[in-house]
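The values are calculated or read from the model by the stated rules, or taken from the named source; none is laboratory data. What you are looking at is a predicted structure, and each value in this text was computed from that prediction instead of being measured. Glycine gets a Cβ as well: all are built from the backbone with ideal geometry, and neighbour counts include every protein chain shown.
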Amino acid sequence: MKQKFISFYIFMIISLGNAYSQVTTEQIYYGASSLSMSASDVALPKDSWSLFVNAAGIARQQGLSLVASSQSHFNQDYLSHSLLGFQFKTSKYGAYGISVENFSVDYSGSSLSAETAIGFHQGIMLRSDRSSSFSIGYGIKYYNIDYGSSAGPSGDGSDGIKLGSLSTFGLDISFLGSLADRIRVGAKALNINSPTLGDANNSTRLPQRSQIGIAYSPYDLVWTTVSLNKSVGHPTHFSSGLSYEIQKNIFLKTGMQTSPNRFSSGFEVYFKKIKIDYGFITHPVLPLSHQISIEVNR
């Protein structure tokens, strides 16, 4: 139990310093495919994962898709992050997506915090021809954080008092352009409405983040990606990735990022209309983070 507490303490310090790991501070790694490429895929969102990676990519949605992902941060089972998304296209009103995201911290059987984000997303194709395309997207998210209970007389939260919950709304925008489907450029800006949790002196502003990236395919089997991530009040992070189809329906992916320096890798396998992804990413101090995702298309 002592080792668990120490791991949790280290995790919270790193999370607050880098603003990566809570739902309300906006995850960077959405799905195993994105994680295995170190989140360098803003210009190359997998169509079914566009509602998490770049909402402008939803405009490319052709039918129905369901995606789900699960991850324990730094291989700690009490730091769980899960995703569920649904994308669909209508002939009259366009392409949309609905996302549900949860990040929880549990210790010794008690919930210390539980964060939930529910989003509605749309992708709009502004131009599409044989040589180029350009689309925009937006997302409206409802954020809620439940602070669980205080330590209480026992010290483990089992007999503490409820600390309450807070909620707010955030607005994201994004765009995605392509040229001959060999070069793609993507960008997104999160929480552009400067949402806050709480009131007056107790209010906390949700971090705002922007990302811009380029993807290039020298030939059909390979995509290379680079991106820059900037959170307000934090350093700019560079990431790059590679996706290579080693055999039909089998993809090998890898990536790296700076500040902190991390390396990632993973693979993707297709089974007819089902796709399974696995990815991991290193950390200079803490253990590996693993993520597995599944995608079902119709």
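Scanning for something out of contact with any helix residue (DSSP H, G or I) (no Cβ under 6 Å at 6 or more places or on another chain) and either of a type in the set (Lys, Arg) or modelled with pLDDT under 90 (or both), does the range 50-57 turn up at least one residue? The answer is no; no qualifying residue exists. Applying the condition of being surrounded by 14 or more Cβ atoms within 10 Å (Cβ to Cβ) and part of a strand (DSSP E or B) to the range 143-165 and asking which residue is modelled with the lowest pLDDT yields 149. Just to verify a result, which residue in the range 94-112, among those that are surrounded by fewer than 19 Cβ atoms within 10 Å (Cβ to Cβ) and at pLDDT 80 or above, is nearest to residue 47 (Cα to Cα)? Looking at residues that are surrounded by fewer than 19 Cβ atoms within 10 Å (Cβ to Cβ) and at pLDDT 80 or above, I get 96.
Residues checked against (1) surrounded by fewer than 20 Cβ atoms within 10 Å (Cβ to Cβ); (2) touching a residue at least 40 places away in the same chain (Cβ under 8 Å); (3) at negative phi; (4) in contact with a Cys (Cβ under 6 Å, 6 or more places away or on another chain):
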site: 251; (1), (2), (3), (4): no, no, yes, no
site: 268; (1), (2), (3), (4): no, yes, yes, no
site: 282; (1), (2), (3), (4): yes, no, yes, no
site: 288; (1), (2), (3), (4): yes, yes, yes, no
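Taking the criterion of being over 10 Å from the mean Cα position of the chain (by Cα), at pLDDT below 85 and part of a loop (DSSP other than H, G, I, E, B), the only residue of the range 22-44 that qualifies is 22.
Could you list all residues from the range 128-142 that are at pLDDT 90 or above and over 24 Å from residue 27 (Cα atoms)?
Within the range 128-142, the subset at pLDDT 90 or above is 132-142.
132, 133, 134, listed by residue number.
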